[in-house]
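We did not get these values from a lab; they are worked out from the coordinates using the rules stated. Quick caveat: nothing in here was measured; it's all calculated off a predicted structure. In this analysis, Cβ positions are derived from the backbone assuming ideal geometry, glycine residues included, and neighbour counts consider all displayed protein chains.
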Amino acid sequence: MALSDIDRKLLERCLANEPGAWDEFVGRFLGLVIHVINHTAQSRSIQIDSADRDDLSGEVFLAIVKDDFTVLRRFRGSSSLATYLTVVTRRIVVRELLRRKSAVRLSVAPEQTGENGHETEQAIDNREEVERLLQELSGSEAEVVRLFHLEGKTYQEIADITGVPENSIGPMLSRARAKMRGAGADSATS
């Protein structure tokens, strides 16, 4: 589906910082953002409450307005604006959920530990296992995996940091994951 005339005009108004345009944009796409947040969390078997949903939707809209609407300026109009925003929202939500999950697993909160602190030790062991598996990768692959999975960077941010073309990040991550799965299986059989 192509970009509708209504969405094109709304997009132009937002990029021109016209009064009321942003409020109209949020009103038009908030339901979509909430739906994508719910679906993404559900597909990853993560339960979120209304506060989490509000935080995540705030992260999405903050990312959209960041750096003078850079996300909207990147939109090329080859799909509907809703489709583009669905992809953007999903990427932001996945990154944020991974960041939160990592932060929770690596934190040392008394209510999260057993009497001997076993759960915290397990989280630290998992982080050490990830670091060990990363050593099985070449320098650029390891850096891309580290930036994406441990630091929650976007493909664009990774491309900016590493100099790897943005359209090469996804395939590189897939190859690296396959190598890490192979290395993990090898160590499990040893």
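Grab every C-alpha pair in the stretch 4-53, bin the distances at 10 angstrom width from 0 up to the longest one, and report whole percents.
23, 37, 24, 16
What net charge do the residues around R95 carry, taking every other residue with its C-beta under 13 Å from that of R95, with Lys and Arg at +1 and Asp and Glu at -1?
With Lys, Arg at +1 and Asp, Glu at -1, the neighbours total +3.
Taking the simple approach of a point 7 Å from Cα along Cα-to-Cβ for both N167 and S43, what is their distance in nm?
It works out to 2.3 nm between the two label points.
For the stretch 34-105 and the stretch 1-24, what is the separation of their Cα centres, given in Å?
One Cα centre to the other: 20 Å.
How fast does the stretch 5-104 diffuse by Stokes-Einstein, in µm²/s, taking the Kirkwood radius from C-alpha pairs at 10 °C and 1.306 mPa s?
Using the Kirkwood radius from Cα pairs, D works out to 113 µm²/s.
Which lysines, if any, have their Cα less than 18 Å from the Cα of K153, not counting same-chain residues under 8 positions apart?
Reachable lysines: K66, K101.
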